[in-house]
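Report on one structure; see the data block that follows.
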Amino acid sequence: MKLIFATANPGKLREAREILEPHGFEVVSPYDLGLTKEQVDVEETGKTFEENAIIKVQNLWQLTGLPCFADDSGLVVDALGGAPGIYSARYASLDGSGEDHNFASNIDKLLHNLQGVSDRTARFVCVVALILPEAGIKTFRGTCEGRIAYEPAGCGGFGYDPVFIADAYPDRTLAEVDEDAKNAISHRGNALAAMVEALNH
Ligand code: ITT
């Protein structure tokens, strides 16, 4: 079965393919259908991961009418009151210290805001929203518990992976584990596993 993934983030696309293809799902990028970044990159005006995932998937559904899903995800840091949360991709751009989706500026801001803070507990959250013709919208939530490192390490993954130490791999950052190992325990891996379960029933 083909599923269109409403994302402009190549890291998410790569991970979703690795997670879903072994289960027999072909993950298609909207760009492969000839859609443009302007069409795909809809404004995320929601106040929750769920709302934003639904905004993204409904936009793609209106454009294609094909089975599709979207992912809204981010990093929730306890000592920062849950920030950057749904603003994870835009964290540094909120105060002009970097551009949208600039992973290095986002990490710099995060480490700066946690200077001198010993409570480093955090989690990644991912909400996947799925639309199948005549089946409405379903959402699936996955989390990955961990803590924020004191400095970046590793070059795998994307986003905040170089400063996130998952509880499942306590001696290295997620950017230092291989992709299969990340997908086996990640927020996205968990949310997509729940989606697979629903699709198979
Ligand atoms: P799309 O909306 O086009 O899918 P996006 O990157 O804008 O791409 P989000 O609005 O959901 O997606 O923001 C997710 C951000 O959260 C992402 O840019 C990273 O900064 C962070 N993030 C999410 N999952 C992550 C992961 O697995 N590893 C590291 N950082 C992650």
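Looking across region 22-46 at every residue that is of a type outside the set (A, V, I, L, M) and under 18 Å from residue 132 (Cα atoms), the one that is farthest from the ligand (Cβ to nearest atom) is identified as 24. For region 137-158, indicate whether the set of residues that are modelled with pLDDT under 95, under 23 Å from residue 61 (Cα atoms) and more than 18 Å from the chain's Cα centre (by Cα) is non-empty. No, region 137-158 contains no residue that is modelled with pLDDT under 95, under 23 Å from residue 61 (Cα atoms) and more than 18 Å from the chain's Cα centre (by Cα). Against the numbered list (1) part of a loop (DSSP other than H, G, I, E, B); (2) out of contact with any Leu (no Cβ under 9 Å at 6 or more places or on another chain), residue 111 comes up short only at (1). If you check residue 49 against the conditions, is it within 25 Å of residue 141 (Cβ to Cβ), in contact with a helix residue (DSSP H, G or I) (Cβ under 9 Å, 6 or more places away or on another chain), within 14 Å of the ligand (Cβ to nearest atom) and of a type outside the set (Gly, Ala, Ser)? Against the criterion (within 25 Å of residue 141 (Cβ to Cβ), in contact with a helix residue (DSSP H, G or I) (Cβ under 9 Å, 6 or more places away or on another chain), within 14 Å of the ligand (Cβ to nearest atom) and of a type outside the set (Gly, Ala, Ser)), residue 49 qualifies. Residue 119 satisfies every condition listed in (1) part of a helix (DSSP H, G or I); (2) surrounded by fewer than 22 Cβ atoms within 10 Å (Cβ to Cβ) except (1). Among the residues of region 153-176, those that are touching an Asp or Glu at 6+ places or on another chain (Cβ under 9 Å) and crowded, with 18+ Cβ neighbours inside 10 Å comprise 157, 161, 162, 163, 165, 166, 173, 174, 175, 176. Listed by first and then second residue, the pairs linking a residue in region 176-190 that is without any contact (Cβ under 8 Å) to a residue 60 or more places away in the chain and part of a helix (DSSP H, G or I) to a residue that is within 11 Å of the ligand (Cβ to nearest atom) and not aliphatic (A, V, I, L, M), with Cβ atoms under 8 Å apart and 6 or more places separating them unless they lie on different chains, are 176/156; 185/144.
Residue check: residue 112 meets all listed conditions (1) under 24 Å from residue 175 (Cα atoms); (2) touching a helix residue (DSSP H, G or I) at 6+ places or on another chain (Cβ under 9 Å) but one, namely (2).
Of the residues making up region 84-104, just one is surrounded by fewer than 19 Cβ atoms within 10 Å (Cβ to Cβ), in contact (Cβ under 8 Å) with a residue 12 or more places away in the chain, touching a helix residue (DSSP H, G or I) at 6+ places or on another chain (Cβ under 7 Å) and part of a helix (DSSP H, G or I), namely 87.
Is region 35-45 home to any residue that is part of a helix (DSSP H, G or I), surrounded by fewer than 16 Cβ atoms within 10 Å (Cβ to Cβ) and modelled with pLDDT of 95 or more? There is no residue in region 35-45 that is part of a helix (DSSP H, G or I), surrounded by fewer than 16 Cβ atoms within 10 Å (Cβ to Cβ) and modelled with pLDDT of 95 or more.
Annotation: residue 82 fulfils all but one of (1) within 8 Å of the ligand (Cβ to nearest atom); (2) touching a strand residue (DSSP E or B) at 6+ places or on another chain (Cβ under 6 Å); the unmet one is (1). Give the residue that is farthest from residue 124 (Cα to Cα), with candidates limited to residues of region 178-201 that are of a type in the set (A, V, I, L, M, F, W, C) and buried (at least 22 other Cβ atoms within 10 Å of the Cβ). Ranking the candidates gives 195 first. Which one is surrounded by the fewest Cβ atoms within 10 Å (Cβ to Cβ), of the residues in region 54-76 that are touching a residue at least 60 places away in the same chain (Cβ under 8 Å) and closer than 18 Å to residue 20 by Cα? Here the residue is 66.
Just to check your reading of the model, which residue among 106, 102 is farther than 14 Å from residue 129 by Cα, modelled with pLDDT of 95 or more, of a type outside the set (D, E, K, R) and within 10 Å of the ligand (Cβ to nearest atom)? Selected residue: 106, the only one of 106, 102 that is farther than 14 Å from residue 129 by Cα, modelled with pLDDT of 95 or more, of a type outside the set (D, E, K, R) and within 10 Å of the ligand (Cβ to nearest atom).
The values are calculated or read from the model by the stated rules, or taken from the named source; none is laboratory data. Keep in mind the model is a prediction, meaning the values are calculated, not measured. As a convention, Cβ positions derive from the backbone with ideal geometry for all residues, glycine included, and neighbour counts pool all protein chains shown.
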